[in-house]
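The block underneath contains the structure these notes are about, expressed in structure tokens.
The values are calculated or read from the model by the stated rules, or taken from the named source; none is laboratory data. A quick note: this is a predicted structure, and the numbers were derived from the prediction, not measured. FYI the Cβ positions are ideal-geometry reconstructions off the backbone, even for glycines, and counts take in every protein chain you see. The protein model used for the area step is the full one, side chains on, heavy atoms only, and it has no ligands, DNA or RNA in it. Shrake-Rupley method; radii C 1.70, N 1.55, O 1.52, S 1.80 Å.
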Amino acid sequence: MKTIKLSNTNITGSNIIMGCMRLNSLSIPEAGRLIQTALDSGINFFDHADIYGGGECETIFAEAIQMNAQIREKMIIQSKCGICKGFYDSSKEHILRSVDKILARLKTDYLDILLIHRPDTLMEPEEVAEAFAVLLNSGKVRNFGVSNYNPMQINLLQKFVPKKLIVNQLQLSVVHTPMIDSGIAVNMHINQAVDREGSVLEFCRLNDITIQAWSPFQKGFIEGPFFDEPKYAELLKTIRGIAGKYGVSDTTVAVGWITRHPANIQVVVGTTQAQRLIDCCKGSELPLTRQEWYEIYQAAGNMLP
């Protein structure tokens, strides 16, 4: 398992992250076995959010591993807050209240990383900074980041937050590549050249912000996986050919396509199936060649100028 040192921290995390969004679909024993599979496969990084199962996923996680100080030391745990039913809330009061509830559900004294889950257009960055200062000084949160933010939104928040933001969690898969597309089709009058992300990939690399790719198998915003979709027949043929070459699964290649990028992207995988989790982990260091990477990219419907 490849590991990544997150900027300005003592965190060295696996580049495959176990996403815990669907843990509430499992029993406590099943969840425990899945988490153990992750640990046995080299994963030490676990991703939560207070909206996952309405908080139930965090509760199940703590119960499944029988959370204690010895187990906690082996894990990097992050959670997210800010999404409410029908609105976003990044106020100081909401952030502080959310973290206290997260810690209680996880049965831990601290989070390694807290992310603001979605950009809140009503955000007052001074309030967020005040909340972060309280959490940092109390030891409840050690590091901070964001999720689904563009570069200017990060800069705005960073202006007021003295501690460096170290993570930006963004959607990325073989068939959802807007952060890559415009950088390949620069200065062209085609849809692929439209910069919808504000060059967020390059921005994060320049500023040592680790990108965490969520929904690595989705074909759109929570639209389901692209595997076996007739629309992607050419892509699947290409992936399966490469998978056969390396003796791995299609899932492994889809993950390996992301980890092959030199930006040192972490991949958040939310499967509840042990074998698929193992297959994902095999993509941690899959040695795709440049030619194979670009073959996959083009088979997904993208062009090279």
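What to note about this one:
- Residue that is surrounded by the most Cβ atoms within 10 Å (Cβ to Cβ), among those in the stretch 174-227 that are at positive phi and hydroxyl-bearing (Ser, Thr, Tyr): 215
- Hits in the stretch 247-300 - residues which are basic (Lys, Arg) and either open to solvent by less than 20 Å² (accessible area, probe 1.4 Å) or in a helix (DSSP H, G or I) (or both): 276, 290
- The stretch 117-149, subset farther than 19 Å from residue 11 by Cα and under 15 Å from the mean Cα position of the chain (by Cα), residue most open to solvent (accessible area, probe 1.4 Å): 118
- Meets criteria (modelled with pLDDT of 95 or more, open to solvent by less than 70 Å² (accessible area, probe 1.4 Å), farther than 30 Å from residue 31 by Cβ and not charged (D, E, K, R)) for residue 242: yes
- The stretch 69-82, residues that are surrounded by fewer than 20 Cβ atoms within 10 Å (Cβ to Cβ) and in contact (Cβ under 8 Å) with a residue 24 or more places away in the chain: 72, 74
- Residue in the stretch 89-107 that is in contact with a Lys or Arg (Cβ under 8 Å, 6 or more places away or on another chain), closer than 24 Å to residue 210 by Cβ and at pLDDT 95 or above present: yes
- Among the residues of the stretch 34-68, those identified as touching a residue at least 40 places away in the same chain (Cβ under 8 Å), out of contact with any His (no Cβ under 7 Å at 6 or more places or on another chain), among the hydrophobic types (A, V, I, L, M, F, W, C) and outside any helix (DSSP H, G or I) are 43, 45, 51, 67.
- Test: residue in the stretch 212-231 that is assigned to a helix (DSSP H, G or I) and either farther than 26 Å from residue 115 by Cα or under 17 Å from the mean Cα position of the chain (by Cα) (or both): yes
- Pairs linking a residue in the stretch 249-260 that is without any contact (Cβ under 8 Å) to a residue 24 or more places away in the chain to a residue that is surrounded by fewer than 22 Cβ atoms within 10 Å (Cβ to Cβ) and in a helix (DSSP H, G or I), with Cβ atoms under 7 Å and 6 or more positions apart or on different chains, are 250/240; 250/243.
- Within the stretch 149-181, being basic (Lys, Arg), free of Cβ contacts under 8 Å to residues at least 40 places away in the same chain and in a loop (DSSP other than H, G, I, E, B) holds for one residue alone: 163.
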